[in-house]
Structures are given as C-alpha cells and as structure tokens.
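The values are calculated or read from the model by the stated rules, or taken from the named source; none is laboratory data. Bear in mind the structure is a predicted one, so any value in this text is a computation, not a measurement. Neighbour counts are summed over all protein chains in view; Cβ atoms, including those assigned to glycine, are modelled from backbone coordinates with ideal geometry. Side chains included, ligands, DNA and RNA excluded: accessible areas come from the protein's heavy atoms. Shrake-Rupley method; radii C 1.70, N 1.55, O 1.52, S 1.80 Å.
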Amino acid sequence: MRASLRHAAVVLVALVSVLGIAVPAGATPPPAPTAPSAPAVEPTPSGDPATDGSVAPAAPAATEPAAAPTPTSGPPAQAPSPSPTSAAPTSPAPTTDAPAADAPAQPEVRRSPSVWMTTDATSVRYGRTMAAHGRVLAAGVPVADAPVRIVARSTHTGRWSLLGTVSTRSDGRFRLDVKPLEGARIKAEIVVSATLDAASSASRTVMVQPGLYGVQPAGSAPAVLGAEQVVVGSVYAQLAGRRVKLEALESGSWRTLVQAYVQRDGRFALRYTSGSADVRALRVVMPSGAGTVTAVSSTTSITTWAKGEQLGFSGAPCFGVRALLDSGCDARAGGLIAPTTDPERLRPQTGGAYSRECWQSDKEALVPVCTLGSSRADALRVAFIGDSHAAGYANSMRAEFTHWNWSVDAYLGVSCRWERVPLGHGCSDRYRQLSAAVLSGEYDAIVYTGVRHPFVDQPDEAAAVRDRYLAAWQPVLDAGIPLVVLGDFPYLPSGGVRCVTESAGAAPFDCAVPQSVGHRGWDPILDAAALAPEVRVVDVTRYYCADGTCPLIVGNAVVYRDQHHITGTYLATVSSKIMWELRRALR
C-alpha cells in the first residue's frame, strides 16, 4: 500500500513537470532579469571637419545619396520550428494576489547617420534668405524626425553660430530658409542623442553681399560746376559704421571723390563739390570687409552745367519750382544742391540782377531806365517798377519778355518805393520820377512789386506804407491804365538760410520754414490792393510754399541767398511762371 502511494506521488510530480502547471499560490517566483542601462554619452561640440583650425576649401555640391532599396518580391521568410516546450498545451495560470512580473525592457537601437546638405545659392544679399536643404540616411535608410542644426562658421572671425534647426521628413529630407549675415562655411549637423550618433555634412562656402538701397540720384542727373552734389542711400542698419565711397567716371577710369560711414539707422550721404565737367557717371561702392564682399551700386550718368541759371532756364524736369508744382517729381533728398551751400558764394548768386545799367544802389537817387525784351513796334509797352525783389524777377524774365513781345522799361532801385511822399522827403525825387513816367502815356500796363513788412510789432508803420501806395497808384487807376501787383514771397526768420549753409550731408534738403512764419507781419502791397478793386493781383505763394511749408531747397535749387532775396538759380525756374501770371492778369 505504502509502495503504491509512493509510486503515485512520483507519477504526479512527473505530470506537473510535463504539463507546466503554475506554482501554487503563496510561492514566490524568482525575480526577472533586468537589462543593464547603457552608459550616458556626452554630446560632442559642433566643429568643422578641418582639424588644424583653418577653413577647409569649399566642396562642390554633392549628389544626394540614394536610400537603400526596399525588397518587394521573393519567398516569405520561414518561421522557426517550434520547440517541444513552446508547442505543448498550457493550462491557464491560477489567479493569485501577487502582481504580474513586467516584461524585460528592450534597449533602443542606436544608428550612425550620414548627412548630406547643399544650398540653393553660393552668394546672397545681406538681409535676404537662402535655402539649405539635404537628407539624412542611416545604412541607406531615410531617418525621419531627426533634429538637424544648420550652423555657420564665419570666414571673418572663425566663430560658429546657429542659423536654425529643422526636423527631417519621413523620407529623410529637410529644408530650412536661413539668413547668413556674413560670409561663412555652412553645414548641417546632428548632435548625438539616445538613438543617433553625431554626424555632419560637408561644409559649403556662402558669400554675403551688402545691398545698397534707394541710391539717389539714379539713372541720370545734372551737375553744376561749383555746386554740391549729394548722393544718398541706405543699407541694413546692422552695417552701421561700414565705409562707403563715391566714385566718379572721368577720362575712362573710376576715381574716389569722397567717402563716408553708414549711420546708425543704415543711411549714408556722400557729398562733394563738382569741379570738373569731364565727370560722366557716379557710383557708390561699399568695400569688402567684416565677412562681406564688395558691393557696387548702379551707375548714374551726369550732365554738367556751367551755371545754375543755365540749368534753370533749360527746362530740366523736376528742377527748381517744377518739383513743387509737379506731383510726379520725386521728393526724396539727394542729388544736386545749386548754386551752392557755401555762404560766401551763395549771397552773390543774383543771376546778374543788379547791373549798373538797370539798378540804382543809392537809396534816394533817381533810378535808371533799363529797356528789356522786344524791340518790335507792336510790342506791349510795360513799366516794371520796384525794389531788389522786382529786380530779381525782371532780370530773370528777359527772355520771357522777348518771347511774348513785351517791351519793358524797368525802374529798379533800393529803398525808396513807389509811394506818394511830400516834398522834402528823402524819396520825393524818385516818387516824382516814377509818377511822371507812369502817367506819360507811353505804357499799356504797369507792374509793381516790393518787399513785405515782416515786423509784427509795427502795424501802424505797415498801414502807413499801405496808404502811401494807394495814394501813388490812384492817378494811374483814374487814367484807366492797368496796374498789376505781385505779392511778396516769404520772408525768412533771422539766420534762416544757415540751415542750408551749415547742415551736413543731406540735411539741407529738409530745411524749411512754416508758411505762417514766412508770411508773418503784413504785405502792404496786397493790403493796398484789397482796398482798390481795379488793381489786379498776382499771389506768388504757390511758387514758394506747399501744404503750409516753405522749403529752402526746391527741386535741388537753393531758394534763398539771404533772409529775403531769391537766388538767380531758383528765379530762372520761376520766371516763366511769373510771366504766365502777368499775362493772365492783363487779359
């Protein structure tokens, strides 16, 4: 009996072993083995493949590597034969309160990638972007979601900088727009990670060229001997402090005229005095340096004039008053400043208005009679009377008088104006000379202009001048002779012209006074005309001011030569406009 029991126990143990029955509850299974942790790898800094610290020569754009082919046909792989143990049927494990053991952690597979990269250009304008693109493979298989860094090593300083990061697509390709700010060797790299070894592409040399923007004057431009020429433009503000040069094409070769440095806002102004009629063109050059190559602007062709008045009379578009009247003229600063900004040379720029035969510089003496314009028998006979302001107009209008068949007798002198004054007054002799002339019956019309009264604290004096004008004009009006008066132009504040003569660079182009300042005080001529309806009035404001502002340089022409006298250069551009106004007033 005992022998039978022992035999049954042996058979039962054998069955348990063969059938794989679980250990009874309460038994503790041995702990599962754990995989050893991989040692941490320190990331390696990015670096150029060159080991001697120098910049390796640029490699030609490499051909993109092809991914390994994926098999698409052939016999299916054979499954391994099951072992007898794995093939034996199993019984479900009894439920216990003990937690199930975790499956063993599978270590991630590390790959050694290869990186290929190129750029869509080998040079780029400063501040513009270019594309860096390439592909990442590992054993010929595309690597997706790989973090790629685009880095650049300055050819100027040798320092590395990060241009940007991008992840690869499912096909292993990547593309990133980058903005290099200096010449550099650019490459793509992958920093070591848990799944990828570090890798980098070959580097590619990229040159950066500064962009010269808004260079003025452009295309073609006039120059005047002895006048200043200002060439303006801009670059990116990051290039502040860089040197720029203005070069002139003369006798077939380029020579440097002047140099300057880029301002903090990226703008520059190159200013010189024109001294040669042989200059045919100008260009701006920013020399190479600080990781950028040389930049050269387009050339501007130059036509040189001997005098500003010649240019003014030529009808050049957008020069002088034409720029104020034509909305199509470019109002940007730059180009010619004529006749000059030199204060010693500016004041005498009268255009020849005060020749002895046509001007009286003695305050009380009789004025000479100067005949201008047409000599034809059927010419319109006109007396042109006034002070230094009238002299400027009359002199600049000589050709207009001839063209429109006007025979003009000019009565021009300093100080004493056409006002009725009593006997014994210092101006009485001149008044009587003018009064006799206008009532002689020799003239078909009378034109008068003179300086305004800018003193706001002298209203009584301004009113007295107004009344004396009316008294002098009344006999002419009573005789039925047409009288046309020109209102005066703006009167600058004291020292106003110094903005033009003392400002550097392109700053003179911004010089201006408010119209309210230029017209301060009174204009006794217009005040008198307002009381005499028969007087025909010409308002010249539109030829000197716009939108409430009176610029001191209009269309590259300096308007004032002192506080209240106009340059001959600007008058040359205004003369035809004033003639048109006079003819219209006499219709």
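Overview of results
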item	result
Flag if residue 549 is of a type outside the set (A, V, I, L, M), without any contact (Cβ under 8 Å) to a residue 40 or more places away in the chain, closer than 19 Å to residue 454 by Cβ and surrounded by fewer than 21 Cβ atoms within 10 Å (Cβ to Cβ)	yes
Strands (runs of 3 or more DSSP E) (entirely within region 436-540) containing at least 1 residues that are open to solvent by 50 Å² or more (accessible area, probe 1.4 Å) and either in contact (Cβ under 8 Å) with a residue 60 or more places away in the chain or closer than 24 Å to residue 367 by Cβ (or both)	536-538
Top-ranked residue of region 128-146 - restricted to ones that are of a type outside the set (A, V, I, L, M, F, W, C) and within 36 Å of the chain's Cα centre (by Cα), ranked as surrounded by the most Cβ atoms within 10 Å (Cβ to Cβ)	133
Only one of 312, 320, 308, 328 that is among the small types (Gly, Ala, Ser) and either surrounded by fewer than 21 Cβ atoms within 10 Å (Cβ to Cβ) or at pLDDT below 95 (or both)	328
Hits in region 153-176 (condition: open to solvent by less than 60 Å² (accessible area, probe 1.4 Å), hydrophobic (A, V, I, L, M, F, W, C) and free of Cβ contacts under 8 Å to residues at least 40 places away in the same chain)	163, 166
Residue check, residue 555 on the phi > 0 side of the Ramachandran plot, surrounded by fewer than 21 Cβ atoms within 10 Å (Cβ to Cβ) and not hydroxyl-bearing (Ser, Thr, Tyr)	no
Pairs, first in contact (Cβ under 8 Å) with a residue 12 or more places away in the chain and closer than 21 Å to residue 125 by Cα in region 290-305, second among the polar types (S, T, N, Q) and part of a strand (DSSP E or B), C-beta under 6 Å, six or more apart	291/154; 293/209; 295/209
Residues within region 251-274 that are surrounded by 16 or more Cβ atoms within 10 Å (Cβ to Cβ) and assigned to a loop (DSSP other than H, G, I, E, B), tallied	3
Subset of region 553-587 [part of a loop (DSSP other than H, G, I, E, B), touching a residue at least 60 places away in the same chain (Cβ under 8 Å) and not polar (S, T, N, Q)]	555, 561, 562, 564, 565, 586
Matching entry among 278, 265 (being acidic (Asp, Glu) and under 18 Å from the mean Cα position of the chain (by Cα))	265
